[in-house]
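**Q** Before anything else, here's the structure in question.
Readers should treat all values here as calculations from the given coordinates under stated rules, not as data from a laboratory. Predicted model, so just to flag it, every value in this text is computed and none were measured. Methodologically, a virtual Cβ is constructed for each residue, glycine included, from the backbone with ideal geometry; neighbour enumeration extends over all protein chains shown.
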Amino acid sequence: MYSDLISFIKDWYQTDKFVPLHEPRFKKIDKEYVADAIDSTFVSSVGEYVTKFERELEQYLGVKYVIAVVNGTTALQVALQIAGAKEEHEVITQPLTFVATANAIVHNNATPVFVDVDRDTLGLCPDALHKFLDQNAEKRDKGAFNKETNKLISAIVPMHTFGHPCKMKEIMEIADNWGITVIEDSAEALGSKIGSKHCGTFGKIGILSFNGNKTITCGGGGAIITNDDVLAKRAKHLTTTAKVNHQWDYAHDEIGYNFRMPNLNAALACAQLTQLEGFLKDKRRLSDAYSLFFKDVEWCDYIREPEGCTSNYWLNAVITSGKKERDEVLKITNDSGIMTRPAWQLMSDLTMFKDCQKGELHNAKWLRDRIVNLPSSARKDV
C-alpha cells in the first residue's frame with residue numbers, strides 16, 4: 001500500500017540509503033564564510049557577520065529591525081518579555097506546536113492558554129480565538145482580562161505550523177479589538193508569505209529559528225523581528241547582557257541575557273541566506289511533486305498552502321484517514337529507511353501544561369491523530 005511512496009521518495013533524492021526528514025545543505029560558500037570568521041578571530045558575539053546578517057535579513061523581510069540571537073526559543077522568550085508578559089499574565093497560543101512556544105511563555109512566568117487550530121492552515125483558528133475571548137475575557141482599563149482567573153491576557157502567539165501561514169489578518173483584527181499584542185512564532189516560516197507580506201511581520205513582534213533542521217541554518221540561531229524602535233532597542237539591550245554602552249567600562253543596568261548570536265554562527269547564516277531562494281524553489285518543486293503523487297491516493301490528503309498564501313513547505317505533510325493509517329505509514333516508512341514523523345503531542349496533553357486553561361480543541365486533536373510529516377530537504381544539487 002505504501003511501497004509507491006517509499007519508491008517515490010528514494011527516487012526523488014536519488015538514493016537507496018536512509019532519507020532524513022530535513023537535513024541542511026552546505027556548499028563551498030558556507031565553508032568560506034565560516035573560515036573568514038575564524039580568520040578574523042571574532043568568533044563570539046562581537047563581529048561583522050552578526051550585523052551583516054541582521055541588515056540582510058531586514059532587507060529580505062522588509063522590516064526595520066532584526067536582532068540576531070542564539071536560537072528561536074530565546075527569541076520568543078525575549079519577544080514576550082519586551083511585550084510585557086510576566087507573572088500573573090496569560091498568553092494565548094495553540095496546542096499544536098513545538099514545545100518551545102509554550103516553554104517561552106513559562107520562562108516569563110506567564111501562563112499559556114490553549115485555543116484550537118484550523119484544519120486548513122494547522123495554525124491558530126480566528127473563530128476559536130474569537131469564541132474563547134468572547135466567552136472568557138472582558139475589557140478593563142488596563143487591558144483584556146480572563147474573567148475566570150482574573151489575569152491579564154498580555155499576548156497572543158500564533159505559530160505558522162510547518163511553514164503554512166496562519167490567518168493573520170483575521171487574528172490581528174481580533175487582537176486589535178481586544179487590545180492584545182500579537183507575537184508571531186514564525187520559527188518554521190522563513191520565506192512564507194500572506195500575499196506579498198512575510199510571515200513574522202504582521203504582529204508587533206515576530207521570531208525566526210535557524211536550527212539545524214530549518215530551511216536555512218547556522219547550527220542554532222534565531223531572530224527577533226519588529227518595526228518598533230523602542231522594542232528593538234530593548235531587545236538588543238536585553239540580549240547583550242543589558243550592558244550600558246561605553247568605550248571600556250562594564251556596567252549593566254538590569255538583568256539581561258547572553259543571547260546574542262555569535263559571529264561564527266552569523267557567518268554561516270549569511271552564507272545560507274544567499275542560498276535561500278534556491279532552497280525554497282527546490283522545496284516547492286518537491287511540494288508540487290508530492291501533490292501530484294497524492295492526487296489519487298485514498299488513504300490521505302496532502303496539505304497544500306492556504307489560499308492567497310505562499311508556504312515555504314518547510315515540512316511536507318499529509319493527513320491520513322485515521323490514526324490506524326497514520327501509525328501504519330509511520331512504521332512502514334521508518335522501517336524502510338524513510339524518516340517520517342507524527343505531529344507533536346499537543347501542549348495541553350503534556351504534564352507541565354495539562355492544568356492550563358483551554359478552549360475546545362476538536363481540530364487539534366483530530367489533526368494530532370492523522371498528521372504525518374514527510375522528507376522535505378532541498379536536494380544536494382540546488
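**Q** Given a cut-off of 20 Å, name the pairs among Lys283/Lys380; Lys169/Lys281; Lys27/Lys64 whose C-alpha atoms lie farther apart than that in the structure shown. Present the calculation step by step, with values, prior to reporting the outcome.
**A** Numbers: Lys283/Lys380 12 Å; Lys169/Lys281 26 Å; Lys27/Lys64 30 Å.
With Cα atoms farther than 20 Å apart: Lys169/Lys281; Lys27/Lys64.
**Q** To continue, here is another question. Which residue, Gly179, Thr149, Ile194, has the largest displacement toward the positive end of the dipole of the chain when charges sit on each Cβ (Lys, Arg +1; Asp, Glu -1)?
**A** Going by the charge dipole, the pick is Ile194.
**Q** Could you sort 67-76, 229-238 so that the peptide with the highest average Cβ count within 10 Å comes first and the rest follow in order?
**A** 67-76, 229-238
**Q** Which distance in Å, rounded to a whole number, links the C-alpha centroids of the range 280-308 and the range 332-382?
**A** If you average the Cα positions of each part, the centres end up 18 Å apart.
**Q** How would the range 213-272 be classified by its alpha-carbon gyration tensor: rounded, prolate or oblate, with rounded meaning a/c under 1.5 and the a/b versus b/c comparison settling the rest?
**A** Working: a/c = 2.55, a/b = 1.70, b/c = 1.50.
Note, shape of the range 213-272 comes out prolate.
**Q** Sticking with this one: Specify the inter-centroid distance of the range 207-275 and the range 14-46, based on alpha-carbon positions, in whole Å.
**A** 19
**Q** Which one, Leu61, Ser209, Ile225, is farthest towards the positive end of the dipole of the range 28-273 when Lys and Arg carry +1 and Asp and Glu -1 on their Cβ?
**A** Highest projection toward the positive end goes to Leu61.
**Q** What is the extension gain from Ser7 to Asn227, computed as 0.36 nm multiplied by their sequence separation minus the C-alpha to C-alpha distance, in nm to one decimal?
**A** Details: separation 220, 0.36 × 220 = 79.20 nm, distance 4.66 nm.
Separation in residues times 0.36 nm, less the Cα-Cα distance, equals 74.5 nm.
**Q** Still on this structure, please answer the following. Just how far, in whole angstrom, is the range 61-104 from the range 123-150 if you go by their alpha carbon centroids?
**A** Their Cα centres are 20 Å away from one another.
**Q** Tell me the relative contact order for the range 48-172 as a rounded percent, counting alpha carbon contacts under 8 Å between residues six or more apart. Let's see the in-between values first.
**A** On the way: 189 pairs, mean separation 29.3, N = 125.
It comes to 23 percent, rounded to a whole number.
**Q** Now for a different question. Ranked highest first by the average count of other Cβ atoms within 10 Å around their residues, in what order do 40-51, 108-119, 262-273 fall? Display every interim value, and only then the final one.
**A** On the way: 40-51: 17.2, 108-119: 22.7, 262-273: 24.7.
Result, highest mean first: 262-273, 108-119, 40-51.
**Q** Amide H to amide H, which residues 5 or more places from Gly222 or on other chains are under 5 Å from it, using H placed in the peptide plane?
**A** It is Val69, Val70, Asn71, Phe210, by chain and number.
**Q** When only C-alpha pairs under 8 Å and at least 6 residues apart count, what is the relative contact order of the range 245-337, in percent? Don't skip to the answer; put the middle values down first.
**A** Details: 38 pairs, mean separation 17.6, N = 93.
Dividing the mean separation by the residue count of the range 245-337 yields 19 percent.
**Q** Still on this structure, I have one more. So who's got an amide H within less than 5 Å of the one on Gly47, skipping anything under 5 residues away but keeping other chains? H placed 1.01 Å off N, in plane.
**A** Here the answer is none, since no amide H 5 or more places off falls under 5 Å of that of Gly47.
**Q** If the cut-off is a Cα-Cα distance under 18 Å, which aspartates and glutamates reach Lys131, setting aside same-chain residues fewer than 8 apart in sequence?
**A** Leaving aside aspartates and glutamates fewer than 8 places away in the same chain, those within reach of Lys131 are Glu90, Asp116, Asp118, Glu148, Glu170, Glu173, Asp176, Glu360.
**Q** Taking the Cα centre of the range 28-273 as origin, work out the dipole magnitude from +1 charges on Lys and Arg Cβ and -1 charges on Asp and Glu Cβ, in debye rounded to 20.
**A** Using only the charged Cβ atoms, the result is roughly 140 debye.
**Q** Within the range 197-288, report the chymotrypsin sites (Phe, Trp or Tyr not before Pro) that DSSP leaves as loop and that have at most 14 other Cβ atoms within 10 Å.
**A** Trp248, Tyr250
**Q** Which order do the peptides 214-227, 161-174, 298-311 take when ranked by the mean count of other beta-carbon atoms within 10 Å per residue, highest first?
**A** Values: 214-227: 24.7, 161-174: 22.5, 298-311: 17.4.
Per-residue Cβ counts within 10 Å, averaged per peptide and sorted highest first, yield 214-227, 161-174, 298-311.
**Q** Now, a different point. Largest first, please: the extent of the C-alpha atoms of the chain along each principal axis, to the nearest Å.
**A** Principal extents (largest minus smallest coordinate, Cα): 64, 59, 37 Å.
**Q** Can you tell me what share of the DSSP beta bridges in the chain is antiparallel? A percent to the nearest 5 is fine. Please report the intermediate quantities before stating the final value.
**A** Numbers: 33 of 51 bridges.
Restricted to the chain, the bridges split so that about 65 percent are antiparallel.
**Q** Karplus couplings for the range 105-113 from phi (6.51 cos²θ - 1.76 cosθ + 1.60, θ = phi - 60°), rounded to Hz, Gly and Pro as x?
**A** My calculation for the range 105-113 gives 5, 5, 4, 9, 6, 8, 10, x, 10 Hz in order.
**Q** When the Kirkwood radius is taken over all Cα pairs of the range 78-178, what Stokes-Einstein diffusion coefficient follows at 4 °C and 1.567 mPa s, in µm²/s? Working shown, then result.
**A** Numbers: Rh = 13.6 Å.
Reported coefficient: 95 µm²/s.
**Q** Could you tell me the calculated FRET efficiency between Asp127 and Met352, based on Cβ-Cβ distance and R0 = 22 angstrom, to the nearest 0.05? Walk me through the numbers on the way to the answer.
**A** Numbers: r = 28 Å, r/R0 = 1.27.
According to the calculation, E is roughly 0.20.
**Q** Related question: Assign one of three labels to the range 1-127, namely rounded, prolate or oblate, based on the Cα gyration tensor with a ≥ b ≥ c the square roots of its eigenvalues; rounded applies when a/c is under 1.5, prolate when it is not and a/b is larger than b/c, and oblate otherwise.
**A** On the way: a/c = 2.39, a/b = 1.07, b/c = 2.24.
Judged from the Cα gyration tensor, the range 1-127 comes out oblate (a/c at least 1.5, b/c at or above a/b).
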